[in-house]
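Participant: Take a look at the following structure, please.
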Amino acid sequence: MVACFKRLIFFACLATVVSGAPAVSGTDASTGLPAGNATSVSSTASVAPAKSSHSVSAQPSSSNSGSASTTSSAPSETATVPPASSDPNNQVYPQDSDGSAQPIRGTLGADILGPQNLPLQQQNPDLLAPPTTDHGSVQNAKWPFALSSNRIQTGGWARQQNIDVMPIATNMAGVNMRLEAGAIRELHWHKTSEWAYVIKGTTQVTSVDQNGRNFVANVNPGDLWFFPPGIPHSLQATSDDPEGSEFLLIFPDGSFSEDSTFLVTDWLAHVPMEVLAKSFQLNVTAFDHIPSQELYIFPGAPPTTDTPVSDPQGQVPNPFAFPWSQVNATTLKGGSVKTIDSTIFNISTSIAAADVTVEPGAIRELHWHPTQDEWTYYLEGEARVTVFASSSNARTFDYQAGDVGYVPATFGHYVENTGNTTLHFLEIFNTDRFQDISLSQWLALTPPALVKAHLGFSDETIAQLSKTKQYVV
């Protein structure tokens, strides 16, 4: 009898709860929540847990159709998580500012009481006082060439970046090299290919391929050269610019070291003289003046011609140099872009690149590269980049001219101009084809109902998304 009595009390209470619930008359099309309740549920979603759809029974509909309505199976995005904060997350102070640089963002953080490296803090506001959207852990994605040990020689210098100083950069390494007018980077070759962008001055390159076909070209600022793995070549600054030349070298191997290249002087210094005479079919005295060790970079007289030596095998069929400076960039809303890969520079089968400018206040749109890491070199201006590494991991970095950036394949990112002058940088990839995916274009070409369900966008907002890549906006 006691058990029966308790059961009667339970059902009586349940009936009271159900009869007291308001009837569901439909759903709000913009939120997917019951009509008339969307605002109240949305505003409390961040503090109250979402109720199970099994806890409320739908009431009969009063519509003419006589069919029963149910609560929506697609709740607002705020029914399960609170909406993202709209609080500003700009840099707390300008890059390279002369004032104090402290790890304070709003009510967060506090002054540094101990020793400080103020110039470094001023250059990296988003590391010192990160935006609140940063979270988790992302490897360091910035390396200034100014921190690289410089190999200084008579006639020039070279400094490099590889995984020794930037562990995240596993697939590419870079070298910044300077040659005075006439100076020579000696005859050499590498295990990897070599791709180059001329920053200033003119560099004469020479080479001979595996079939004995030779090549000579003068490569000007903004132009490129490419040598496949194992192909011997030399580099020499002309006197077109009295200061000589400076260029960027890219190698598709993060562990590459400029100090481990194959140099002709180094090789001959380690071969017995008798062997040299026999191999070259010369008298041994011909080698009396060869260097006793490698030269690497050394002074010389500027070249007076770019005509190759007469070659019975002929010239290389695909030139090792390309006049990229003569290719017009595509003008965009916020800057410009031009790309280069093996479809244009045919011999460059392992490196593709984009030359990008971003005007003050503009941004290289949110995007990612599906299969290849991005090695970035900043030529002019100031930038900030947030790297999204999935699983709530994101970190923001600040860049200046002369800095190297690195973004692994599939990691979402943008490049924002945070300075007052034009931002100019190179995006470089270990691939034969340039590829990227625009976040805005992806959403614009996705069924609107899916975008609404994920992000709560209105029809008007979705209509403004571009169905073509914008690159820079």
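The values are calculated or read from the model by the stated rules, or taken from the named source; none is laboratory data. What you are looking at is a predicted structure, and each value in this text was computed from that prediction instead of being measured. Here the Cβ positions follow ideal geometry from the backbone for every residue, glycine too, while neighbour counts run over all protein chains shown. Ligands, DNA and RNA are stripped out before the accessible areas are found, and what is left, the full protein with its side chains, is counted by its heavy atoms. Shrake-Rupley method; radii C 1.70, N 1.55, O 1.52, S 1.80 Å.
Participant: Could you tell me which numbered condition LYS338 fails, if it satisfies all but one of (1) surrounded by fewer than 15 Cβ atoms within 10 Å (Cβ to Cβ); (2) basic (Lys, Arg); (3) free of Cβ contacts under 8 Å to residues at least 40 places away in the same chain?
Facilitator: Result: LYS338 passes all but (1).
Participant: Still on this structure, please answer the following. Whether any residue in the stretch 178-191 is within 19 Å of the chain's Cα centre (by Cα) and either assigned to a helix (DSSP H, G or I) or not hydroxyl-bearing (Ser, Thr, Tyr) (or both) is what I want to check.
Facilitator: Within the stretch 178-191 (the criterion being within 19 Å of the chain's Cα centre (by Cα) and either assigned to a helix (DSSP H, G or I) or not hydroxyl-bearing (Ser, Thr, Tyr) (or both)), the answer is no, since none of the residues qualifies.
Table: residues versus (1) open to solvent by 50 Å² or more (accessible area, probe 1.4 Å); (2) without any contact (Cβ under 8 Å) to a residue 12 or more places away in the chain; (3) not in a helix (DSSP H, G or I).
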{"position": "GLN236", "(1), (2), (3)": "no, no, yes"}
{"position": "ASP241", "(1), (2), (3)": "no, no, yes"}
{"position": "PHE247", "(1), (2), (3)": "no, no, yes"}
{"position": "VAL271", "(1), (2), (3)": "no, yes, yes"}
{"position": "GLN293", "(1), (2), (3)": "yes, no, yes"}
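Participant: Now, a different point. Take the stretch 133-165 and flag every residue that is open to solvent by 50 Å² or more (accessible area, probe 1.4 Å) and among the hydroxyl-bearing types (Ser, Thr, Tyr).
Facilitator: Residues satisfying the conditions are THR133, SER137, SER149, THR154.
Participant: Let me ask something else. Scan the stretch 142-158 and give yes if some residue there is of a type outside the set (Phe, Trp, Tyr), part of a loop (DSSP other than H, G, I, E, B) and closer than 30 Å to SER391 by Cβ, otherwise no.
Facilitator: no
Participant: Tell me which residues, restricted to the stretch 220-233, are over 26 Å from the mean Cα position of the chain (by Cα) and buried (at least 17 other Cβ atoms within 10 Å of the Cβ).
Facilitator: Passing the criteria: ILE231, HIS233.
Participant: Give the residue, chosen from VAL316, VAL309, that is among the aliphatic types (A, V, I, L, M), open to solvent by 70 Å² or more (accessible area, probe 1.4 Å) and more than 27 Å from PRO94 (Cβ to Cβ).
Facilitator: When all the criteria are applied, what remains is VAL309.
Participant: Ok, one more. Would you say GLU460 is surrounded by fewer than 20 Cβ atoms within 10 Å (Cβ to Cβ) and either at pLDDT 95 or above or basic (Lys, Arg) (or both)?
Facilitator: For GLU460, the condition - surrounded by fewer than 20 Cβ atoms within 10 Å (Cβ to Cβ) and either at pLDDT 95 or above or basic (Lys, Arg) (or both) - is met.
Participant: Would you check if there is a residue in the stretch 109-120 being farther than 16 Å from ALA394 by Cβ, within 29 Å of the chain's Cα centre (by Cα) and part of a loop (DSSP other than H, G, I, E, B)?
Facilitator: yes
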